[in-house]
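Take a look at the structure set out below.
We did not get these values from a lab; they are worked out from the coordinates using the rules stated. Keep in mind that what you see is a predicted model, and the values were worked out from it rather than measured. Here the Cβ is made from the backbone with ideal geometry for all residues, glycine too, and neighbour counts use every protein chain on show.
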Amino acid sequence: MAGRLYGLLIGLDDRIGSEQAQLLHHFIEVGEYGLALEEIVGTLAQDAIAITGQERCDMMALAAQMKLEAGLVPRALAACPEKGDREHR
């Protein structure tokens, strides 16, 4: 779980500020995986940061694995515009 969250953060590094990223890393380090994911999507939604379809799928898969799929994660991701993901293919 931690590896997937860290990977997600690395991929979002250019869109999330360094101070917020440090806080998110801390949540992962102490095993607060659900909180980390909710904070990641909350940060993205608050600033309407564009995400790729793959990033959206990854976050929804993590939410489902953590049994958070009916909560904040899908609502927050709905506020994030779609970013072209050609560079990820």
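Structure above, values below:
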item: Charge dipole magnitude, Cβ of K and R +1, D and E -1 - the chain, Cα centre, debye nearest 20; result: 300 debye
item: Residue-averaged [θ]222 nm for the chain, counting only DSSP H segments that reach four residues, each worth -39500 (n - 2.57); result: -19500 deg cm²/dmol
item: Shape call, segment 13-64: gyration tensor on alpha carbons, a/c limit 1.5; result: oblate
item: Low-density loop positions, trypsin sites (Lys or Arg not before Pro), segment 33-76 - DSSP coil, at most 11 other Cβ in 10 Å; result: 67
item: Fraction of the pair-distance distribution of the chain above 24 Å, Cα-Cα pairs, percent; result: 9 percent
item: Positive dipole terminus of the chain, leading residue within 31, 46, 77 (C-beta point charges); result: 77
